[in-house]
Every structure is written in structure tokens, then in C-alpha cells.
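Since the structure comes first, as C-alpha cells, the remarks are kept for the end.
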Amino acid sequence: MELIADILLVAGALGAGFYCFVLSRRLNRFNDLEQGVGGAVAVLSSQVDDLTKTLTAARAASDSSNAALDALTERAETVAGRLELLMASMHDMPDDVAEMSAKAPPAADNPPKPGAPVFVRHGRNGLRP
């Protein structure tokens with residue numbers, strides 16, 4: 001009986017040893033840096049580093065673009081304010097001045113005569129009758 005127990009014990013130990021041998025080979029292949037999960041982890045780690053660098057560069061570019069866009073927006077708002085002021089001043093002009101400026105012939109069609117005064121006053125309010 002003792003002999004049978006010893007034989008079963010040796011068989012169990014040999015089976016456990018063989019099982020450990022198979023597991024160690026599988027684990028070595030699993031952690032292989034070129035084909036296994038270890039390689040995949042190494043590749044993913046390098047890709048994460050590349051993406052971090054790319055993200056940093058993109059953030060810097062967007063910050064500079066944002067600053068330029070803010071400056072252009074501020075400039076556009078200033079110009080819009082000036083245009084609103086000009087439009088408001090155009091509403092204050094008398095209607096007959098606006099009509100006269102629309103009907104006045106271009107300066108190239110009616111050149112001044114030599115020796116004529118440069119500024120001439122016509123009529124009561126400086127306007128042509």
C-alpha cells in the first residue's frame with residue numbers, strides 16, 4: 001500500500017513538474033517583446049509617447065492661433081465701431097448735400113481753368129443753386 005502511495009506521489013509530482021514546464025514556456029512566449037503581449041505593450045507605449053508629443057505641438061499651435069484670432073477679432077471690433085460712427089455721421093448730413101454729391105459730375109470731366117481760384121463759394125450755404 002505504501003508502495004502504491006509512493007508511486008502515485010511521484011506521478012503527481014512529475015505531472016505537476018510537466019504542467020509547470022508547459023506554463024513557463026507559454027509565459028515566455030506571452031512576454032516575448034517581438035511577438036507576444038510584451039511587444040504589443042511596448043508598441044502601445046511608444047505610440048502613447050508619440051501622441052503626447054503630437055498633442056503638445058497641437059496645443060501650442062492652437063494657443064498661438066487663438067492669440068492671433070483674438071487680436072484680429074479685437075481689431076475687427078474697433079473697425080466696426082468706426083464704421084458705425086461713420087454711418088451715424090452720414091445720417092446727420094442734409095438730404096440735399098447727399099443728392100448734390102450724387103449728381104455732381106466727376107472732377108475729371110470738368111477740369112478747372114488755369115488761373116481760376118481753387119475754392120469757389122456758390123450760393124447761400126456753399127451749395128449750388
* Matching residues in region 1-57 - criterion: being surrounded by 10 or more Cβ atoms within 10 Å (Cβ to Cβ) and part of a loop (DSSP other than H, G, I, E, B) -> 31, 32, 33, 35, 36
* Select, from 116, 102, the only residue that is in a helix (DSSP H, G or I), at pLDDT below 95 and loosely packed, with under 10 Cβ neighbours inside 10 Å. => 102
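The values are calculated or read from the model by the stated rules, or taken from the named source; none is laboratory data. None of the values given here were measured: they were computed from a predicted structure. In this analysis, Cβ positions are derived from the backbone assuming ideal geometry, glycine residues included, and neighbour counts consider all displayed protein chains.
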